[in-house]
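Here's the structure we're looking at; comments come further down.
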């Protein structure tokens, strides 16, 4: 578009204690953000992820598991600032159970704006969930 400046790569953080899920997230993201340049970092729990966020400053997208040792996905989410929280997608085995828990753990605006996906529906719903996050914050 007349601007020869290269586009800044997307910064993505994947947080899960299951290495197979990390690999699945990577494959799904590669399929869904073709044509974009990106850097992907990973963390095995919320505490390590929080350290990475503090070191980097912010990420364009964070996909985190709900249940992890040391620090859960929701505890990690609660430690993030409001701007960074808007870039988080929470993944769980049972999204309905998690949504009920979130009502108790988060205030109403946080609860309603946090995308929660079931692991079984990642392939179908990841793209429709991440595209608004990535385009809204460019």
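The values are calculated or read from the model by the stated rules, or taken from the named source; none is laboratory data. If you're wondering where the values come from, they're calculated on a predicted model, not measured in any experiment. So basically every Cβ, Gly included, is an ideal-geometry build from the backbone, and we count neighbours across all protein chains shown.
Miscellaneous remarks
- Matching strands (runs of 3 or more DSSP E) fully within segment 1-74 where at least 3 residues are touching a residue at least 24 places away in the same chain (Cβ under 8 Å), more than 15 Å from residue 88 (Cβ to Cβ) and touching a strand residue (DSSP E or B) at 6+ places or on another chain (Cβ under 9 Å): 38-43
- Selection within segment 99-121: residues that are in contact with a strand residue (DSSP E or B) (Cβ under 7 Å, 6 or more places away or on another chain) and closer than 19 Å to residue 14 by Cα. The member of this set that is modelled with the highest pLDDT is 119.
- Flag for residue 83 being under 24 Å from residue 26 (Cβ atoms), loosely packed, with under 14 Cβ neighbours inside 10 Å and modelled with pLDDT of 70 or more: no
- Residue 128, sole failed condition from (1) surrounded by fewer than 19 Cβ atoms within 10 Å (Cβ to Cβ); (2) in contact with a strand residue (DSSP E or B) (Cβ under 9 Å, 6 or more places away or on another chain); (3) modelled with pLDDT of 70 or more: (2)
- Matching residues, segment 17-45, being modelled with pLDDT under 95, under 20 Å from residue 86 (Cα atoms) and touching a helix residue (DSSP H, G or I) at 6+ places or on another chain (Cβ under 7 Å): 32, 40
- Taking the numbered list (1) closer than 16 Å to residue 24 by Cβ; (2) assigned to a loop (DSSP other than H, G, I, E, B); (3) at pLDDT below 85 in turn, residue 138 passes all entries but (1).
- Some residue of segment 77-86 being closer than 16 Å to residue 130 by Cβ, in contact (Cβ under 8 Å) with a residue 40 or more places away in the chain and not in a strand (DSSP E or B): yes
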